[in-house]
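A short write-up of the structure that comes next.
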Amino acid sequence: MEFSSKLLENAVDEMSQLPGIGKRTALRLVLHLIKQPKEQTMRLSESLQQMRQEINFCDNCYNISDTTFCEICANPKRDPKVVCVVEDIRDVMAIENTSQYRGQYHVLGGKISPMDGIGPGELHIKPLVERVRSGVIEELIFALSSTMEGDTTNFYIFKQIEPYNITTTTIARGISVGDELEYADEVTLGRSILNRIPFESSLKNS
């Protein structure tokens, strides 16, 4: 792809680094930005810079947050005794969109995947065990995607918290095996949360 401007080429190169954005799509987006009023493009640039510089992760659950504790953990109406374990922020958003869950979350930041070089030490598993050890949590809901990596991560965490004798459940398999949680429709996901089953039962059925 030939460019008449090095500035344009640099912008397209950076835009094409985004997931699902190829060179042609990146060029179309950059040309769109060029056509917009300069103030609008500057607001986009400034908001991205501010987000990157000031974004935080909740000290309690590792959800993305503007402050020390995210809005969910800081909300006194949310039940701290029930914690839903998810892979990342997109899963939090998916479950929140169902309006069926009133507990808190714990964002792992990924799933155990030896093939990708991701072990338990790369995830927020140790802080989760510490939360369980504190004695506040009464139920842990495993809501990872029903893939081999998700099941492996669930089982690893289950063995880590087994000595603390808390209730462990998993979302009902209204979510098809192999599906990513973020792509499930809200009704199916909401029912899966409400109709969760004991985690030990999911082990027997797998």
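No lab work stands behind these numbers, since they all come straight from the coordinates. Computed from a predicted model, the values in this text were never measured in an experiment. Ideal geometry is used to build each Cβ from the backbone, glycine not excepted, and the neighbour counts take in all protein chains shown.
Taking the chain as a Gaussian network of alpha-carbon nodes connected by springs under 10 Å, the highest mean-square fluctuation of the residues SER16, SER47, SER145 belongs to SER16.
Could you work out [θ]222 nm for the chain from helices alone, using -39500 (n - 2.57) per DSSP H run of at least four and dividing by all its residues? Round to the nearest 500 deg cm²/dmol. Please report the intermediate quantities before stating the final value.
On the way: 9 runs with 91 residues, N = 206.
Helices in the chain give a 222 nm mean residue ellipticity of -13000 deg cm²/dmol.
Rounded to the nearest 5, what % of the DSSP beta bridges within the chain are antiparallel ones?
Numbers: 5 of 18 bridges.
Close to 30 percent.
A P(r) calculated from all alpha carbon pairs of region 6-54, with 5 Å bins opening at zero, reads 4, 21, 23, 28, 19, 4, 0 percent. Within a straight-line Cα-Cα reach of under 13 Å, LYS38 can be paired with the following aspartates and glutamates, leaving aside sequence neighbours fewer than 8 residues apart in one chain: GLU46. On a 0 to 90° scale, report how tilted helix 23-35 is relative to the longest principal axis of the chain, with both axes built from alpha carbons and the result rounded to the nearest 10. Helix 23-35 and the main axis of the chain meet at about 60 degrees. For the chain, dividing the convex hull volume of the Cα atoms by the residue count gives 165 Å³ per residue.
The 3J(HN,Hα) values that the Karplus relation (6.51, -1.76, 1.60; θ = phi - 60°) gives for region 90-101 are, in residue order, 5, 6, 4, 4, 4, 5, 4, 5, 7, 6, 10, 10 Hz. Gly and Pro appear as x. For the chain, a simple Cβ point-charge model (Lys and Arg +1, Asp and Glu -1, everything else neutral) yields a dipole of about 220 debye relative to the Cα centre. Where a Cα-Cα gap under 17 Å defines reach, which aspartates and glutamates qualify for LYS6, not counting those fewer than 8 residues away within the same chain? Straight-distance partners of LYS6: GLU14.
Based on other C-beta atoms within 10 Å, arrange THR41, THR170 from fewest to most. Walk me through the numbers before you get to the answer.
Details: THR41 14, THR170 25.
Ranking THR41, THR170 by Cβ neighbours within 10 Å, fewest first, gives THR41, THR170.
The loop-placed GluC sites (Glu not before Pro) in region 1-44, going by DSSP, that have at most 16 neighbouring Cβ atoms within 10 Å of their Cβ come out as GLU2. Working from Cα positions, state the angle (0 to 90°, nearest 10) between the long axis of helix 6-15 and the longest principal axis of the chain. Rounded to the nearest ten degrees, it is 10. Against the main long axis of the alpha-carbon atoms of the chain, helix 38-54 sits at an angle near 40°. Taking each residue as 0.36 nm, the span from ARG102 to THR25 lengthens on full extension beyond its C-alpha to C-alpha distance by 23.8 nm.
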